[in-house]
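To keep things clear, I will list the structure first and then write my remarks on it.
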Amino acid sequence: MSTNTIAINQSMDRFNDHDSVWLFGYGSLIFKADFPFIEKRPAHILNWARRFWQGSHDHRGTPEAPGRVATLTPDAGAVCAGMAYLISPQVFAHLDYREKNGYLRLSTDIFFEDGGQQEGLFYIAREDNAAFLGQAPELDIAHQINAAHGPSGRNREYLLNLATALRELGAHDAHVFAIEHHLLAMAPG
Ligand code: SIN
């Protein structure tokens with residue numbers, strides 16, 4: 001089951017009259033920037049933890065065999081590292097389509113690693129969306145990811161690419177790296 005969030009996100013017009021706005025990416029938006037951007041800067045947000053708790057029925061899985069992709073869960077004191085992109089609001093249409101499987105476009109404070117902060121946007125899939133799968137042991141998550149593939153490619157590649165990108169940013173994410181560890185011990189499904 002999945003929920004298309006395009007219409008909800010189109011009603012989020014907070015930044016529509018801005019020339020540009022910062023977008024914070026923490027999942028595939030870090031390693032697959034398939035949209036025009038003006039500038040990018042390593043950044044983090046506070047009080048959110050990255051988790052592979054969101055189902056993917058349209059990119060890295062299918063309705064019959066969903067994959068698992070990253071979302072954020074509230075976690076007081078947590079620091080989530082990622083990449084911030086300065087984009088034109090014209091790019092929202094592309095992003096809303098890409099993130100349509102349960103992700104909402106919401107505002108957040110973004111802290112740049114080279115200093116300063118700015119209010120911007122991120123896409124999060126909350127636990128009340130129909131594609132949400134929720135918590136599971138990291139080994140079980142790895143097995144599901146290893147077996148899944150969809151129109152955007154293998155689910156395994158999503159996780160391994162993200163782990164590599166996080167290392168390049170100098171970021172440690174125990175959840176992502178634990179799933180990576182399990183995946184690397186498995187033959188690709
Ligand atoms: C993001 O990368 O910020 C959102 C989740 C995803 O598209 O993987």
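The values are calculated or read from the model by the stated rules, or taken from the named source; none is laboratory data. Everything quoted here is computed from the prediction, not taken from an experiment. Counting neighbours? That spans all protein chains shown, and the Cβs are built from the backbone with ideal geometry, glycine included.
I want to confirm something. Restricting to the stretch 37-66 and keeping residues that are of a type in the set (A, V, I, L, M, F, W, C) and either part of a strand (DSSP E or B) or within 14 Å of the ligand (Cβ to nearest atom) (or both), which single residue is farthest from the chain's Cα centre (by Cα)? Break it down stepwise before answering.
Here is the first cut: in the stretch 37-66, the residues of a type in the set (A, V, I, L, M, F, W, C) are 37-38, 43, 45-46, 48-49, 52-53, 65.
Cutting the leftovers down to either part of a strand (DSSP E or B) or within 14 Å of the ligand (Cβ to nearest atom) (or both) gives us 37, 43, 45-46, 48-49, 52-53.
Details: Phe37: 17, Ala43: 14, Ile45: 13, Leu46: 15, Trp48: 12, Ala49: 11, Phe52: 9, Trp53: 11 Å.
The qualifying residue farthest from the chain's Cα centre (by Cα) is Phe37.
The residue that is farthest from the chain's Cα centre (by Cα), counting only those in the stretch 90-115 that are buried (at least 18 other Cβ atoms within 10 Å of the Cβ) and among the acidic types (Asp, Glu), is Asp96. Quick one: is His44 under 24 Å from Gly116 (Cα atoms), in contact with a helix residue (DSSP H, G or I) (Cβ under 7 Å, 6 or more places away or on another chain) and not acidic (Asp, Glu)? In short, no. Within the stretch 93-143, being among the charged types (D, E, K, R), within 16 Å of the ligand (Cβ to nearest atom) and not in a loop (DSSP other than H, G, I, E, B) holds for Asp96, Arg98, Arg105, Asp109.
For the residues Ile45, Ile38, Ile87, the requirement of being touching a strand residue (DSSP E or B) at 6+ places or on another chain (Cβ under 9 Å), buried (at least 21 other Cβ atoms within 10 Å of the Cβ) and either at pLDDT below 95 or farther than 23 Å from Gly134 by Cα (or both) singles out Ile87. Summed over the stretch 119-141, residues that are closer than 16 Å to Val176 by Cα and either surrounded by fewer than 16 Cβ atoms within 10 Å (Cβ to Cβ) or in contact with a Lys or Arg (Cβ under 9 Å, 6 or more places away or on another chain) (or both) total 7. Can Pro151 be described as out of contact with any strand residue (DSSP E or B) (no Cβ under 9 Å at 6 or more places or on another chain), more than 23 Å from Phe15 (Cα to Cα) and surrounded by fewer than 20 Cβ atoms within 10 Å (Cβ to Cβ)? Yes; evaluated as a whole, the condition is true for this residue. Assessment of the stretch 67-86 against the conditions (away from the ligand (no atom under 11 Å from the Cβ), under 14 Å from Leu121 (Cβ atoms) and not in a helix (DSSP H, G or I)) yields at least one matching residue.
Screening the stretch 44-80 for residues that are free of Cβ contacts under 8 Å to residues at least 40 places away in the same chain and among the charged types (D, E, K, R) and picking the one that is farthest from Gly102 (Cα to Cα) gives Asp75.
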